[in-house]
Amino acid sequence: MSQRLFAIRGATGAENNAESIRKNVCEMCLSLFSKNSLSQKDFVSIQFTMTDDLDAMNPAAALRRGQSEFDVSLIPLFCSQEPKVSGSPEKMIRVLVTVYMDEDALPVPVYINGGEKLRPDFAKK
């Protein structure tokens, strides 16, 4: 079966401390990796954004240091600050995972720990 490039989204809330950011980023990412049956060879990159009220830890560092279940050491990780938009949810970390999957795959996004409010249509699934 041939493959194509997919971008899979996710989001989680966190408190502004290293432990909360590490725990919630790892939970979100490991859930997304599992639900989409991803292996290290599938990845192109992982990009994070975080709201400006979270500054205790970089989500890319949180993923690298916070878990041992999935080797991300060879996957390019990147983080930037989410644009400040009036009325947007606070204390949010978003992820965009770019991967190769079978061309007929149905990517499963992961919105947890308050991230559901960003995409309630996906969170209900």
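The values are calculated or read from the model by the stated rules, or taken from the named source; none is laboratory data. Quick caveat, the model's predicted, so the values are computed rather than measured. Neighbour counts are summed over all protein chains in view; Cβ atoms, including those assigned to glycine, are modelled from backbone coordinates with ideal geometry. In case anyone asks, the SASA skips ligands and DNA or RNA and just uses the protein heavy atoms, side chains included. Shrake-Rupley method; radii C 1.70, N 1.55, O 1.52, S 1.80 Å.
If you only keep lysine pairs separated by 8 or more in sequence, or across chains, how many in the range 4-125 come under 28 Å at the Cα atoms?
Lysine pair count for the range 4-125: 18.
Just the accessible area for Arg119, please: 1.4 Å probe, Å², rounded to the nearest 10?
90 Å²
Would you mind putting 70-78, 41-49 in packing order, based on average other-beta-carbon counts within 10 Å, highest first? Before the final figure, lay out the partial values.
Details: 70-78: 13.3, 41-49: 16.8.
Ranked from most to least packed, the peptides come out as 41-49, 70-78.
If you plug each phi of the range 105-112 into the Karplus form 6.51 cos²θ - 1.76 cosθ + 1.60 with θ = phi - 60°, what whole-Hz ³J(HN,Hα) values come out, in order, with x for Gly and Pro?
Residue by residue, the range 105-112 yields 5, 10, x, 10, x, 10, 10, 9 Hz.
What is the mean projected area of the alpha carbon convex hull for the range 54-116, to one decimal in square nanometres? Numbers along the way, then the final one.
Numbers: hull surface 24.1 nm².
Averaging across all directions leaves 6.0 nm² for the Cα convex hull.
For helix 18-35, what angle does its Cα long axis make with the longest principal axis of the chain, in degrees from 0 to 90 and rounded to 10?
20 degrees
Could you work out the per residue convex hull volume over the alpha carbons of the chain, in cubic angstrom?
Working: hull volume 12.3 nm³, N = 125.
Hull volume over Cα atoms, normalised by residue count, gives 98 Å³.
With a 1.4 Å probe and all protein chains in place, put Cys26, Cys79 in order of accessible area, largest first. Write down the numbers at each step before the final one.
On the way: Cys26 10, Cys79 35 Å².
Output order, biggest surface exposure first: Cys79, Cys26.
What do you get for GluC sites (Glu not before Pro) in the range 57-125 restricted to DSSP loop and a cutoff of at most 16 other Cβ within 10 Å of the site's Cβ? Please report the intermediate quantities before stating the final value.
Working: sites: Glu69, Glu90, Glu103, Glu116; in loops: Glu69, Glu90, Glu103.
Counting only loop positions with at most 16 other Cβ atoms within 10 Å, the GluC sites (Glu not before Pro) in the range 57-125 are Glu69, Glu90, Glu103.
Taking amide H positions as placed 1.01 Å from N in the peptide plane, with prolines and chain starts having none, which residues 5 or more places from Ser45, or on another chain, fall under 5 Å of its amide H?
Those lying under 5 Å, H to H, from Ser45 are Thr98.
Evaluate the distance, in nm, between pseudo-label points positioned 7 Å from the Cα of Gln40 and of Val85 along their respective Cα→Cβ axes.
3.6 nm
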